[in-house]
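As structure tokens, the structure follows; a few thoughts come after it.
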Amino acid sequence: MTKKFPKGFLWGAALSAPQTEGHSLEHGKSPSTWDYWFSIAPEKFNQNQGPENTSNVYDLYLDDCAKMKEIGLNSIRTSIAWTRLLPDGKTVNQEAVNFYRTYFQEMLKQGVEPVINLFHFDMPMWLMEKGGWETRESVDAFAYYAKIAFELFGDIVKKWTTFNEPLVHIECGYLYGFHYPAIVDFKKAVQVGYHTLMAHTLAIKAFRDVNMKDGTIGIILNVSPAYAKSEAAEDLLAKENSDLLTTKSFLDPAVHGIIPEKLIQLLADNHLLPETEVEDKELIMENTVDFIGLNYYQPRRVQAAPAPQFPAKMPEDFYVLYDWPDKKINPYRGWEIYPNALYDVAMMMKNEYKNLPWYVSENGMGVANEERFMDDHGMIQDDYRIEFMQEHLEFLHKGIEEGSNCFGYHTWTFVDCWSWLNGYRNRYGFYRVDLEDRFKRTMKKSGLWYKNVSEKNEIS
Ligand code: BGP
């Protein structure tokens, strides 16, 4: 049966500056933590592929914008690199302004609405040397960058977001050692999270001050809804704690202007409260968002921690993951595939978040060695990806039918891209990038499928 999506629905894909632009130390750009980390520890990166080895968008953006249209995208989300626009945090790099303006204008010419994000894991090295998100200085530095970006591009970009997945630089950088500076310290992680929230808040304030006509602003959060192993009180508490720390920590202040009381209590009980300033509470209350983007890949299956430490040393003292025996898995990425969660997320937005406009800002399936699926004409027959999107869209549609205010669906990603420590191991794009010749892109079967979905604004 045909399932129609609301009029004006955004069909698109997401990407990011650091994962696509290339020329990461050229054209006036200063190093981010990624450039620095790669320079001192290249062996950490899959096949020694660093941030220079991306999909060459800096050179190919005109052609790429035509390719967006070719597969029916009516919108795209990418980011501005802070280190390219303001290499020292203060001085505008005119070459970057020219690049981003032509890039965004070309999108518009092709009928593709740009959704522009300000931070996608790419902390400037000059700021990291001063402590990065651990210092309050980062909050003002980010607010300044945001204001400059709104002033420079606000005439052409109407949809803005502050951060992509702020949890990632907190968890990967300050809890689990995956990203630079690879510190393991729960209290520091909370402080980093708090400064990130304040940086977001002050960027929203800067946006309101700039008073951009027709502009809206939001934040992009990764959502992994928690499902408890059982109805036992301890498992339900584990679920509540997981949701507090990973979902409500940013979603509540962004939408309701309040950090949940239960979260504050949990942190206080465990001596984890961050340093704050008196005016922060009011700033958070006054600067809520216009919309939310939610990146959904997998749920979080949780149970009570078997031997929690007190006070907590790690989030695992509040909940631990468990392996759901019935799960369907994407073996390449190791992530569970559970499309039903998109319906639950849609209902959560409707019932708990004022039914604020929201969209799926990333969803997708990374697969290794995709060349196995190449046909005689060089097209990757990625039916698994089509099935993945179809199933997720069915559950999203059910949520929309029941009144959830979802205005779009973006996949990760448009063209295969460099993925941090994973390099090019897993491919996600509608277009394949040839690693021998990064100027070559070939449409996959999913690109044709998406074009049809977008043009008809329906799935069947
Ligand atoms: C999201 C990030 C993206 C992208 C994607 C796929 O969390 O916003 O930057 O990397 O995940 O994940 P990965 O590349 O690690 O497979």
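The values are calculated or read from the model by the stated rules, or taken from the named source; none is laboratory data. Here the structure is a predicted model, which means the values were calculated and not measured. Neighbour counts are summed over all protein chains in view; Cβ atoms, including those assigned to glycine, are modelled from backbone coordinates with ideal geometry. Ligands, DNA and RNA are excluded from the accessible area calculation, which covers all protein heavy atoms including side chains. Shrake-Rupley method; radii C 1.70, N 1.55, O 1.52, S 1.80 Å.
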(request) Assuming 0.890 mPa s and 25 °C, estimate D for segment 171-307 with Stokes-Einstein, Rh taken as the Kirkwood radius over Cα pairs, in µm²/s. (result) 150
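Which order do peptides 93-102, 73-82, 4-13 fall in by mean Cβ count within 10 Å, highest first?
Working: 93-102: 16.2, 73-82: 25.8, 4-13: 17.9.
Going by the mean number of other Cβ atoms within 10 Å, highest first, we get 73-82, 4-13, 93-102.
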(message) From Cα pairs below 8 angstrom and at least 6 apart in sequence, can you work out the relative contact order of the chain, rounded to a whole percent?
(response) 19
(request) Return the aspartates and glutamates within reach of residue 456: Cα separation strictly under 19 angstrom, same-chain partners fewer than 8 residues apart disregarded; answer none if there are no such residues. (result) 70, 113, 387, 391, 394, 401
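Heavy atoms only, probe 1.4 Å: what % of the accessible area of the chain goes to carbon and sulfur, would you let me know? Numbers along the way, then the final one.
Values: 9490 of 18050 Å².
Ligands and nucleic acids excluded, carbon and sulfur reach 53 percent.
Quick one: length gained pulling residue 390 to residue 236 fully straight, 0.36 nm per residue minus the C-alpha distance?
Values: separation 154, 0.36 × 154 = 55.44 nm, distance 3.12 nm.
Net length gain for the segment: 52.3 nm.
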(request) Check cross-link reach from residue 187 to the lysines: straight Cα distance under 19 Å, and skip same-chain residues fewer than eight apart. (result) 130, 248, 262, 313
(message) Report the rotationally averaged projected area of segment 147-193 based on its alpha-carbon convex hull, in square nanometres.
(response) 4.1
(request) Specify the inter-centroid distance of segment 141-201 and segment 83-122, based on alpha-carbon positions, in whole Å. (result) 17
(message) Let me spell out the model: positive unit charges on the Cβ of Lys and Arg, negative unit charges on the Cβ of Asp and Glu, origin at the Cα centre of segment 282-325. What dipole size does that give, in debye rounded to 20?
(response) 300
(message) With the crude spin-label approximation of a point 7 Å out along Cα→Cβ, what separation in nm comes out for residue 376 versus residue 286?
(response) 6.9
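Under 8 Å for C-alpha pairs, at least 6 residues apart: give me the relative contact order for segment 336-451, rounded to a whole percent. Don't jump to the answer; show the numbers that get you there.
Numbers: 170 pairs, mean separation 37.8, N = 116.
Relative CO of segment 336-451 lands at 33 percent.
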(request) Compute the signed sum of charges (Lys and Arg +1, Asp and Glu -1) over the other residues within less than 12 Å, Cβ to Cβ, of residue 263. (result) -3
(message) On a full-extension model of 0.36 nm per residue, what is the gain between residue 205 and residue 25, subtracting their alpha-carbon distance, rounded to one decimal in nm?
(response) 61.7 nm
(message) As a quick test, which of the pairs 90/188; 205/281; 229/328; 4/445; 350/398 have an alpha carbon distance above 19 angstrom in this structure?
(response) 90/188; 4/445
(message) Show log10 I(q)/I(0) for segment 3-454 at q = 0.11 Å⁻¹, two decimals, from a solvent-free Debye sum over equal Cα scatterers.
(response) -0.86
(request) Compute the signed sum of charges (Lys and Arg +1, Asp and Glu -1) over the other residues within less than 14 Å, Cβ to Cβ, of residue 92. (result) +2
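Largest first and in whole Å, what are the equivalent-ellipsoid semi-axes of segment 357-460 based on the Cα gyration tensor, each being the root of 5 times an eigenvalue?
Working: eigenvalues 145, 47, 25 Å².
The three semi-axes for segment 357-460 are 27, 15, 11 Å.
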(request) Over the chain, average the accessible area per residue using a 1.4 Å probe and give it in Å², no decimals. (result) 39
(request) Could you compute the FRET efficiency for residue 434 and residue 95, with r as their C-beta to C-beta distance and R0 at 35 Å, rounded to 0.05? (result) 0.80
(message) Can you tally the net charge around residue 173? Count Lys and Arg as +1, Asp and Glu as -1, for every other residue whose Cβ sits under 13 Å from the Cβ of residue 173.
(response) -4
